[in-house]
Amino acid sequence: MTSELERAARDVRSAVAIVAASGRPVIGIVGRDVPAVLVAASGAHPYRIAPGDELTDEADAVMGRAVDRAASRVLAAVMAGSLDFLRGILVSRDCEASVRLFYTLQELHRRGAIAPPVHLVDQVHQNRESTLQYNVAQLATMWEMVEAWASGGISTRSIEAARNELADVRGELERRRSWRRSGRLSGTAALHGYRVAAALPPTDAARLLRDAGSEADDAGFPVFLTGSAPLGDEVYRAIEGAGARVVGEDHDWGDPILTDRLPARIARDRDSLLRELATARLAGAPAAASSTMAARAKATREAIAASGARALLSVVRPHDEAPAWDWRHQREQADVAAAMVRGEAADDLEQVVAVVETLRAAS
Amino acid sequence: MTRLESASAALTHQREWFASLRAAVADGERFALVNADAPQEILRAMGIPYVVNQWWASIVTAKQAAAESLEQVARSGYPDDSRQYDVLALGSRGLDAEGAPWGGLPKPDLVIAELSGDATGKVFEAWTDDPSIGYFAYERTAAITPDGPWWELARWHWDRVFGPERIALMAAENRLLIEFLEERTGRTFELSRLERVMRLINEQEEYNRETRDLIAAARPTPVRVSDTIPAVMVPQWHRGSEWGRDAARALRDEVAGMVAAGGAVCEGERTRLMWVGRGLWSDTSMYRRFEEEYGAVFVWSMYLAIAADGYIRYGDDAIQALAARFVGITDLLYAPPLAPEWYVKEARTHGVDGVVHLVADDVPGASFITLALEEAGIAVLEIRASNADPRTLDLSDVEHAMSAFIAGLAT
Ligand code: SF4
Ligand code: SF4
C-alpha cells in the first residue's frame with residue numbers, strides 16, 4: 001500500500017507549484033550546499049529540485065552528454081518550462097555537474113531561452129580560513145539575490161522563525177533515522193522522508209513525516225549505500241526488493257543532510273551569522289565530489305558502524321567520477337564485505353541486485 | 001617550408017633541461033609536480049624545480065606509454081577511465097626504467113593542483129599514498145560575468161574580469177603555499193624575486209602577443225600551427241625564466257622576418273581556418289592535404305592566442321597579480337560568456353572563413369561557442385569526440401567531414 005508520504009515524495013513538484021500559485025514566491029535550490037534557512041527567512045519557499053522525468057535529448061545537445069544525468073534531468077525540466085513557477089534558481093557548486101548546469105542555465109537565461117534567473121552559490125570546501133571567508137562573501141551575495149527575488153527582507157527575527165520551522169522537520173527526520181537504525185524503517189521510506197523535507201513547506205513536511213509512523217521490524221540484510229546520489233527511489237527499491245535494507249547512505253539526498261547543523265543561535269550581525277552557516281556545511285559529512293579520499297573513507301567507516309551495516313555497496317552512475325576514486329580507501333577501511341557497480345551496469349537494476357546477492361553471500 | 005628554428009630550439013632545450021633536472025634530483029634536490037592550472041611562479045621564484053603534469057603526460061603519450069601507465073593506475077586500485085590525461089604521470093611511476101620516456105619522471109617531493117572537476121584533487125591526493133610526498137591544493141571557484149571584453153581588461157583591470165573575492169581567496173592560498181614550501185624545503189621566499197619572475201612573464205607574453213598579432217594580420221599565413229605550438233608551449237613551461245622570455249622574443253623575430261619576406265605556408269591560400277578545441281596536430285599529413293587540395297590553411301592556435309591574451313597581469317602586488325593570472329585561466333577557454341566572445345573576436349581578427357570545432361563531451365559550454373560563432377556569421381563544423389575514449393574518433397571520418405566543409409566554404 002502506498003503511504004501518503006510516499007505519494008507526496010513521488011510528486012513534490014505539483015505540491016510546490018500549488019504553493020507558487022497561491023502567491024508565495026518559490027526559489028529553487030540545486031545541491032546540498034545552499035542554506036535553505038536563508039531562503040525561507042526571505043519569505044520565499046526553498047524548494048530543493050530533484051531530477052525530473054523529462055527527456056534529456058535537448059538538454060544533452062546544449063550541455064553535452066558526458067555529464068551526470070542528475071544535472072541533465074534538472075536542465076531538461078527547466079528547458080521544458082516545468083519549473084517556470086520559480087522566482088529563481090540557486091545552484092550550488094557541490095560537484096562539477098552542478099557548475100556546468102549553472103553555466104548552461106545562466107547562458108540560456110541570458111539568451112531568453114528559459115524563464116527563471118539563476119545564481120551560483122559558490123561554496124568551496126577546504127578546511128581553511130581563506131575558504132571560509134570566500135564562502136561568507138558568497139552567502140552575502142546570495143542573501144541580496146534572495147531578497148530581490150522574494151521581494152522580502154531577511155532579518156534576525158525572520159531567520160529565527162525559519163530556523164525553528166526547519167528544526168521541527170529535522171526533529172522528525174532524526175526520529176526516523178533512529179527508527180531506521182533499529183530496523184523499523186526501510187531505506188526507501190527514509191529516502192522519501194528526506195525528499196519531502198527538502199521540497200515541501202516545513203509545516204506540510206513535518207505533518208507528513210509525523211503521520212507516516214514506523215514500519216514493522218525487518219531483519220533484512222543491512223547494507224550501507226555509497227556512490228552517486230540516486231535520481232529517484234528505483235535503486236533503493238531494487239536493493240530492498242532483494243531482501244536487503246539500506247540502513248544508511250552518504251549521498252546528499254540522505255543522512256548527510258542531518259549533519260549540516262542549523263545555526264544554534266541567531267547572531268545579530270550578518271557576518272557572524274553567515275560564518276556560522278558556512279561553517280555548518282564545512283563541518284558536515286564529506287561529499288564525494290568535494291572531499292579528500294581520506295575524509296570520505298573515514299566518514300564511510302564511521303557511518304557503517306553507526307548504522308549497523310554488514311556490507312558496503314557503491315552504485316556509481318556514468319560520468320560521476322569522484323566515487324570511483326573514493327572506492328579504494330572506502331573498501332579498505334570499511335571492515336565489511338564491499339562491492340561496487342559502476343557505469344552502465346549501475347543503470348541496470350538486475351545487476352545491482354546480483355551484487356547485493358554476492359554481498360550477502362560474502363558477509 | 002622548413003620547421004621553425006624557434007620550435008627546434010625549444011625542443012632541444014627541453015631535453016637538456018629535463019636531463020639537468022634529473023641530475024639535480026639525483027643529487028638530492030627537491031622537486032615539485034604541478035598541474036598546469038595551478039600557479040608555478042612561486043616555485044620559480046624560490047628556485048624549486050618543477051615539472052608541469054600535462055607536459056609530462058604529453059611525453060608519456062608521445063612515447064606510447066599511456067596505456068601501460070593507465071594499467072598501473074588501475075593496479076593501484078584507482079579508476080583508469082577518469083581524468084585519464086591528468087593521471088598519466090601517476091601511472092608512469094610504474095613504467096620500468098627502459099620503458100619510461102626520457103629516463104623517467106623522478107619521484108616528486110611535492111605535488112600542487114587546483115581542485116578542478118570532481119576528481120583532480122583525488123588524482124593528486126593519490127600521490128600521497130607515498131607518505132613522503134606533500135600535497136597542496138588550491139580551491140577552484142566559478143567564473144563571474146565580466147563587465148567588458150576580458151581580453152582588454154585582464155592585463156590591468158583583472159578584478160573586473162574575475163571579481164575581488166576570487167582573487168583574494170587565491171592570493172591567500174598563494175601565501176599558504178609559500179609557508180608550505182618554506183616548511184618543506186627549508187628555502188626562503190623573497191618577494192623581490194617573485195616580482196622579477198612576474199616581470200619576465202609579462203615580457204614573454206607581450207612577445208607572444210606581438211607574434212599572435214603578426215600572424216593574425218599576415219596574408220597569406222606565414223607559419224604552421226603545428227610549428228608555433230611547441231615554440232609557444234615549451235617556453236610557457238619555463239615561464240618566469242630568462243630563457244622563456246628570450247625564446248618568445250626569438251619566435252617573434254622569426255615570424256616577423258617571415259612576414260617581411262612574404263613567406264607562406266601555402267602560396268595558393270584561399271581559405272583560412274581556425275581549429276577550436278583539443279588539436280589533432282600530430283597527424284600533419286591531413287593538414288598538408290587540405291593545403292594542397294583546397295588552399296586551406298589553419299591560421300590560429302589556442303596555445304598562442306591564450307598566451308597572448310590570457311596571461312599578462314600588471315599590478316603592484318605580485319601575489320595578487322599572480323592570483324589574477326590563474327584564478328580563471330580555464331574559464332577564459334571554456335566558460336560562457338567569456339570563452340564564446342573571445343573565439344568570435346579571434347576568428348574576426350584572423351579573418352577566418354570557417355571554424356572546425358572539436359567538441360570533447362566533457363567540456364562545458366561547447367555548444368555556446370559554436371552558437372556564438374554562427375551568430376557572428378562564421379561557418380562551424382563540429383566534430384564530436386568522447387574524451388573518455390579518444391579511440392572512438394575515426395580520423396578518416398574527420399578528414400571526410402572536413403573536406404566537405406572546406407569545399408562548401410569555397411563555393
Ligand atoms: S587600461 Fe586596459 S582596460 Fe583600461 S582602457 Fe586601457 S586597455 Fe582598456
Ligand atoms: S598551393 Fe599547393 S603547392 Fe602551393 S604552397 Fe599551397 S599546397 Fe603547396
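The values are calculated or read from the model by the stated rules, or taken from the named source; none is laboratory data. Because the structure is a prediction, the values reported are computed rather than measured. Reconstructed Cβ throughout: ideal geometry from the backbone, glycine too, with neighbour counts over all protein chains shown.
Output yes when any residue across the range B:170-179 is on the phi < 0 side of the Ramachandran plot, more than 14 Å from chain A (Cβ to nearest Cβ) and either under 25 Å from the mean Cα position of the chain (by Cα) or more than 16 Å from ligand 1 (Cβ to nearest atom) (or both), and no when none is.
Among the residues of the range B:170-179, not one is on the phi < 0 side of the Ramachandran plot, more than 14 Å from chain A (Cβ to nearest Cβ) and either under 25 Å from the mean Cα position of the chain (by Cα) or more than 16 Å from ligand 1 (Cβ to nearest atom) (or both), which makes the answer no.
Conditions (1) away from ligand 1 (no atom under 16 Å from the Cβ); (2) surrounded by fewer than 22 Cβ atoms within 10 Å (Cβ to Cβ); (3) of a type in the set (A, V, I, L, M); (4) within 29 Å of B:TRP281 (Cα to Cα), marked per residue:
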site: B:ILE48; (1), (2), (3), (4): yes, yes, yes, no
site: B:ALA62; (1), (2), (3), (4): yes, yes, yes, yes
site: B:GLU71; (1), (2), (3), (4): yes, yes, no, yes
site: B:LEU95; (1), (2), (3), (4): yes, yes, yes, yes
site: B:LYS107; (1), (2), (3), (4): yes, yes, no, no
site: B:ALA113; (1), (2), (3), (4): yes, no, yes, yes
site: B:ASP129; (1), (2), (3), (4): yes, yes, no, no
site: B:TYR135; (1), (2), (3), (4): yes, yes, no, no
site: B:ALA142; (1), (2), (3), (4): yes, yes, yes, no
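Would you tally the residues in the range A:114-135 being more than 9 Å from chain B (Cβ to nearest Cβ) and within 25 Å of A:LEU86 (Cα to Cα)?
Of the residues in the range A:114-135, 9 are more than 9 Å from chain B (Cβ to nearest Cβ) and within 25 Å of A:LEU86 (Cα to Cα).
Can you tell me which residue among B:SER241, B:SER226, B:SER282, B:SER192 is within 23 Å of B:TRP156 (Cα to Cα) and within 19 Å of the chain's Cα centre (by Cα)?
Just a single option satisfies the conditions, and that option is B:SER241.
Quick check on the range B:280-293. Is at least one of its residues within 22 Å of B:VAL255 (Cβ to Cβ), of a type in the set (Val, Ile, Thr) and within 16 Å of ligand 2 (Cβ to nearest atom)?
For the range B:280-293, residues within 22 Å of B:VAL255 (Cβ to Cβ), of a type in the set (Val, Ile, Thr) and within 16 Å of ligand 2 (Cβ to nearest atom): present.
Would you please name the residue that is farthest from B:ALA339 (Cα to Cα), looking only at residues in the range B:146-158 that are more than 8 Å from ligand 1 (Cβ to nearest atom) and buried (at least 16 other Cβ atoms within 10 Å of the Cβ)?
B:TRP158
Against the condition more than 14 Å from chain A (Cβ to nearest Cβ), at pLDDT 95 or above and under 30 Å from B:ARG270 (Cβ atoms), how does B:ALA401 come out, does it pass?
No.
Has the range B:51-61 got any residue that is within 30 Å of B:GLU190 (Cα to Cα) and not in a helix (DSSP H, G or I)?
yes
If the Cβ limit is 7 Å and pairs must be 6+ apart or interchain, which residue in the range A:326-346 that is under 14 Å from A:SER363 (Cβ atoms) pairs with which residue that is in a loop (DSSP other than H, G, I, E, B)?
A:VAL336/A:ALA309; A:VAL336/A:ARG310; A:VAL336/A:SER363; A:ALA337/A:SER363
Each row is one residue, and each column tells you yes or no for (1) free of Cβ contacts under 8 Å to residues at least 24 places away in the same chain; (2) surrounded by fewer than 22 Cβ atoms within 10 Å (Cβ to Cβ); (3) of a type in the set (D, E, K, R).
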{"residue": "B:GLY268", "(1), (2), (3)": "no, yes, no"}
{"residue": "B:VAL276", "(1), (2), (3)": "no, no, no"}
{"residue": "B:GLY279", "(1), (2), (3)": "no, yes, no"}
{"residue": "B:ASP283", "(1), (2), (3)": "no, yes, yes"}
{"residue": "B:ARG289", "(1), (2), (3)": "no, yes, yes"}
{"residue": "B:GLU293", "(1), (2), (3)": "no, yes, yes"}
{"residue": "B:ALA296", "(1), (2), (3)": "no, no, no"}
{"residue": "B:SER301", "(1), (2), (3)": "no, no, no"}
{"residue": "B:LEU304", "(1), (2), (3)": "no, no, no"}
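Restricting attention to the range A:44-79, report how many residues are within 14 Å of chain B (Cβ to nearest Cβ), of a type in the set (A, V, I, L, M) and out of contact with any helix residue (DSSP H, G or I) (no Cβ under 6 Å at 6 or more places or on another chain).
Looking only at that region, the number is 3.
Could you pull out every one of the helices (runs of 4 or more DSSP H) wholly within the range A:161-262 that has 2 or more residues that are small (Gly, Ala, Ser) and in contact with a Phe, Trp or Tyr (Cβ under 6 Å, 6 or more places away or on another chain)?
Qualifying helices (runs of 4 or more DSSP H): A:187-199.
Name every residue in the range B:159-169 that is among the hydrophobic types (A, V, I, L, M, F, W, C), at the interface with chain A (Cβ under 10 Å from one of its Cβ atoms) and crowded, with 21+ Cβ neighbours inside 10 Å, in order of residue number.
B:LEU169
With respect to the numbered conditions (1) of a type outside the set (D, E, K, R); (2) away from ligand 2 (no atom under 16 Å from the Cβ); (3) away from chain A (no Cβ under 14 Å); (4) under 22 Å from the mean Cα position of the chain (by Cα), which one is the sole condition not fulfilled by B:GLY315?
Only one criterion is unmet by B:GLY315, namely (4).
Quick check on the range B:2-39: of everything there that is assigned to a loop (DSSP other than H, G, I, E, B), surrounded by 14 or more Cβ atoms within 10 Å (Cβ to Cβ) and not charged (D, E, K, R), which residue is nearest to ligand 1 (Cβ to nearest atom)?
B:PRO39
Per-residue answers, yes or no, for (1) within 20 Å of A:ALA59 (Cα to Cα); (2) acidic (Asp, Glu); (3) assigned to a helix (DSSP H, G or I):
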| site | (1), (2), (3) |
| --- | --- |
| B:PRO336 | yes, no, no |
| B:GLU346 | no, yes, yes |
| B:VAL356 | no, no, no |
| B:PRO364 | yes, no, no |
| B:ILE369 | yes, no, yes |
| B:ALA372 | yes, no, yes |
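If you take the residues of the range B:119-150 that are outside any loop (DSSP other than H, G, I, E, B) and away from chain A (no Cβ under 13 Å), which of them is farthest from A:TRP327 (Cα to Cα)?
Across the range B:119-150, the extreme among qualifying residues is B:TRP150.
Can you name the residue in the range A:267-276 that is surrounded by fewer than 23 Cβ atoms within 10 Å (Cβ to Cβ) and under 22 Å from the mean Cα position of the chain (by Cα) and, of all such residues, is farthest from the other protein chains (Cβ to nearest Cβ)?
Selected residue: A:GLU276.
Can you confirm whether the range B:82-104 contains a residue that is at pLDDT 95 or above, within 30 Å of B:TYR334 (Cα to Cα) and not in a helix (DSSP H, G or I)?
no
Show the residue pairs that are 6+ apart or on different chains and have beta-carbon atoms under 8 Å apart, the first residue being within the range B:151-162 and free of Cβ contacts under 8 Å to residues at least 12 places away in the same chain, the second being in a helix (DSSP H, G or I) and within 9 Å of ligand 1 (Cβ to nearest atom).
Close Cβ pairs (under 8 Å, with a partner that is in a helix (DSSP H, G or I) and within 9 Å of ligand 1 (Cβ to nearest atom)) amount to B:LEU153/B:ARG160.
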